[in-house]
Amino acid sequence: MKKTPVAAIVAVAALALLPLVLADNYFLHLLILFLIWVIIGSSWNIMAGYTGQVSFGHAAFFGTGAYTAGLFVMHGGFSAWWGMAFGGVAAMLLGLPFGAICFPLRGAYFALASLALNLILMHLATIAERFTGGMQGIMIMPTFVSKVPYYYITLGMAVATLVVVQSIIRSKWGYYFVSIREDQDAAESLGIDTNRYKNVSLAVSAFFTGTAGALYMNYMGFIDPHVVFSLHDYSVMAILVAIVGGVGTIYGPAVGAFIMVGLQELFRSGFFGLFKYLGDRTGSETFTQAMEVVQHAHVLVFGILVVVVILFLPNGIVGDWGKIRKSVFRSKPAA
Amino acid sequence: MGILLQTIVAGLLKGGLYALIGIGMTLIMGVMGIINLAHGQMMMVAMYIAYVLNTMGVDPYFSLLVAMPTLFLLGVLIQKYLLNPLIKVDTILPENQVLMTVGIGMVLTEVIRFIFKSDYKYVTTSYSSATFFLGGISFNVPLTIAFFIALAFTAAMFWFLIKTDLGRSIRATAQDKDAATLMGINTGRITVVTMGLGAALVAAAGCLLAPVYYIFPDLGGPFTAKAFVITILGGLGSTVGAILGGITLGMAESLGATYLGMEYEDIVGLAIFVAVLLFLPGGFKRLTKV
């Protein structure tokens, strides 16, 4: 059994010490987003990357978790932190019947059904105004003023997710998952109950995604159906995080989350305010316009990224690291 | 009774268009074995072509002649340079072709948004809201024309698939790719042609819908969803199923909007989707066997 790489331990230690030296709210916010994406990306990866069941609607589980937390406040007057305990369970309870219906069917059914599930929940959350607040969404008061407690909670969650994912993948379950991905018939003939283990991997994946959703509710303090059930912002982003970093690798989603959150912020802020700065300095309109263009281009860039990554780095940065090193650093002669 | 009949007529007319969207999707599904999640986005591109031509004074029905070849070319290029190379790529990523279509859909939407901005556009024609009455039921003129053109395209498609060599090759590839290759069919070329045809058919649907619908970049997503509901309903890869599926979806949406309320229009399709998965996995294909 392989040990956890030193690099991972160092990275976690560095992240844990970071707020002591750098208490800037903006960077903490980005780091929290990054860690939330580590959780979602790893969850997506365990189901799609290891078990081969590609979900196009992971926002369904994310939103369920977030709404569980929100509904605790809205209907019971409980703390939204109860959502952390039940958000994941709620997402799992959503996932299990869903898996029971879709997994026995071969072919594109699961992928399409996950997309449909996502859309159905978005519509339901919008229509059931009495229960969910409809388009107005749910707003709660944040528990902490400082971002530091949120940061440590998210860090703890992300590390826990990675540890659990890693131990599952290295256990017997992990081998079952991979065997289903590689050849379902062969797995079946070896006596693996493929439907059952697809459901297991779905349940684990839904649980962590739901918990991440509840965490999001607590941290951001506001959700509405089009935010948390968003196809582009969550379902597709979850796929991107995993494939950019590397599907079927344990640390791939973490690398992917870092890159994707960085890219998203790079575009949202107009290259970290570079264009605004240049515009202010030179007083020229061109930079202000360029900034607007850049701010709207991030989905386009994500789309191009999907195309480029699938064509040229199909196993992601972690999975194709050998290939990248060879072509970039030329440390070894090409074989 | 009048309302019911009116609703059914409206649903039937819409269903004709949906059938056209569904046939393109199901052809691609049958031959390539993938779902094209950029299908609605391709239709959106065609609608913008109709819009641009309309600002130059071209009638949307004539824009069919431009939009269909353009989208055919777009489909061919996508298949040839983006999807077919993936077959050779060595990866553990499952369904990478489907993920690729998601990326393509995003790029199409955003490029259009970049050029035309997000606001609603309208194709204005003198007959956009014209109606005629038949036995007390009103027929929207552009939708009725669209329905019959859609029927004509569907019939032409069937003739093509059944009677021509290329059509037979497409069906052979859909049935068994390896066997088709052994019979001397260039299956790589067939996939390219099929993608082009699927794109051209959905382009036709887009142009026919343009006079009665508002046009905006995010329109693709909902129509991709409709397309896959139709495909699942009809049975993956079944053209007859796609027609039945399209008409069923059109009817159901229409009935849902009339009797449940407008906000349920979109959810009806998804509810059908779930019901099909639960009670009739395999869709109408299981009943019709085609």
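Residue by residue, here is whether (1) of a type outside the set (Gly, Ala, Ser); (2) surrounded by 22 or more Cβ atoms within 10 Å (Cβ to Cβ); (3) away from every other protein chain (no Cβ under 13 Å) holds:
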site: B:Gly198; (1), (2), (3): no, yes, yes
site: B:Phe216; (1), (2), (3): yes, no, yes
site: B:Ala227; (1), (2), (3): no, yes, no
site: B:Leu233; (1), (2), (3): yes, yes, no
site: B:Ile243; (1), (2), (3): yes, yes, yes
site: B:Met251; (1), (2), (3): yes, no, yes
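Exactly one residue out of A:Ile250, A:Ile304 is of a type in the set (Val, Ile, Thr), in contact with a helix residue (DSSP H, G or I) (Cβ under 8 Å, 6 or more places away or on another chain) and open to solvent by 40 Å² or more (accessible area, probe 1.4 Å), and it is A:Ile304.
Residue pairs whose Cβ atoms lie under 6 Å apart, separated by 6 or more positions or on different chains, with the first residue in segment A:217-243 and more than 11 Å from chain B (Cβ to nearest Cβ) and the second of a type in the set (Val, Ile, Thr) and outside any helix (DSSP H, G or I), are A:Met217/A:Ile223; A:Gly221/A:Ile140; A:Ile223/A:Ile138. For B:Thr70, the test of being of a type in the set (S, T, N, Q) and open to solvent by 30 Å² or more (accessible area, probe 1.4 Å) is passed. When segment A:260-277 is filtered for residues that are open to solvent by 50 Å² or more (accessible area, probe 1.4 Å) and out of contact with any Leu (no Cβ under 9 Å at 6 or more places or on another chain), the ones remaining, listed by number, are A:Arg268, A:Phe271, A:Leu274, A:Lys276, A:Tyr277. Of all positions in segment B:202-212, none carries a residue that is touching a residue at least 60 places away in the same chain (Cβ under 8 Å), within 14 Å of another protein chain (Cβ to nearest Cβ), crowded, with 24+ Cβ neighbours inside 10 Å and closer than 27 Å to A:His226 by Cα. Count, please, the residues in segment A:305-319 that happen to be facing chain B (nearest Cβ under 8 Å) and not in a helix (DSSP H, G or I). Selection size over segment A:305-319: 2.
Screening A:Leu121 on (1) open to solvent by 20 Å² or more (accessible area, probe 1.4 Å); (2) outside any helix (DSSP H, G or I) shows it passes everything except condition (2).
Restricting B:Ile267, B:Ile190, B:Ile215 to residues that are among the hydrophobic types (A, V, I, L, M, F, W, C) and within 20 Å of A:Leu112 (Cα to Cα) narrows the list to B:Ile267. Here A:Arg106, A:Arg130 are screened, and the one residue that is assigned to a helix (DSSP H, G or I) and either aromatic (Phe, Trp, Tyr) or loosely packed, with under 13 Cβ neighbours inside 10 Å (or both) is A:Arg130. Could you list, in sequence order, the residues of segment B:92-129 that are open to solvent by less than 60 Å² (accessible area, probe 1.4 Å), of a type in the set (A, V, I, L, M) and away from chain A (no Cβ under 11 Å)? Scanning segment B:92-129 gives a single hit, B:Val123. Screening the candidates B:Val66, B:Val89, B:Val31 for the property of being within 12 Å of chain A (Cβ to nearest Cβ) and of a type in the set (Val, Ile, Thr) yields one hit, B:Val89. Would you confirm whether any residue within segment B:78-89 is more than 30 Å from A:Thr249 (Cβ to Cβ) and open to solvent by 40 Å² or more (accessible area, probe 1.4 Å)? Within segment B:78-89, one or more residues are more than 30 Å from A:Thr249 (Cβ to Cβ) and open to solvent by 40 Å² or more (accessible area, probe 1.4 Å).
When B:Ala19 is tested against (1) surrounded by 24 or more Cβ atoms within 10 Å (Cβ to Cβ); (2) within 14 Å of chain A (Cβ to nearest Cβ), just one condition goes unmet, and that condition is (2). The single condition among (1) facing chain B (nearest Cβ under 10 Å); (2) in contact (Cβ under 8 Å) with a residue 60 or more places away in the chain that A:Ala111 does not meet is (2). Just one of the numbered conditions (1) surrounded by 21 or more Cβ atoms within 10 Å (Cβ to Cβ); (2) under 22 Å from B:Gly16 (Cα atoms); (3) in contact with a Leu (Cβ under 7 Å, 6 or more places away or on another chain); (4) at pLDDT below 90 is not true of B:Phe147: (4).
Only a single item in (1) part of a helix (DSSP H, G or I); (2) within 14 Å of chain B (Cβ to nearest Cβ); (3) surrounded by fewer than 24 Cβ atoms within 10 Å (Cβ to Cβ); (4) modelled with pLDDT under 90 is not met by A:His75, and it is number (2).
The values are calculated or read from the model by the stated rules, or taken from the named source; none is laboratory data. Model, not experiment: these values are computed from the prediction. Counting neighbours? That spans all protein chains shown, and the Cβs are built from the backbone with ideal geometry, glycine included. Note: accessible area is taken over every heavy atom of the protein model, side chains too, but ligands, DNA and RNA are not part of it. Shrake-Rupley method; radii C 1.70, N 1.55, O 1.52, S 1.80 Å.
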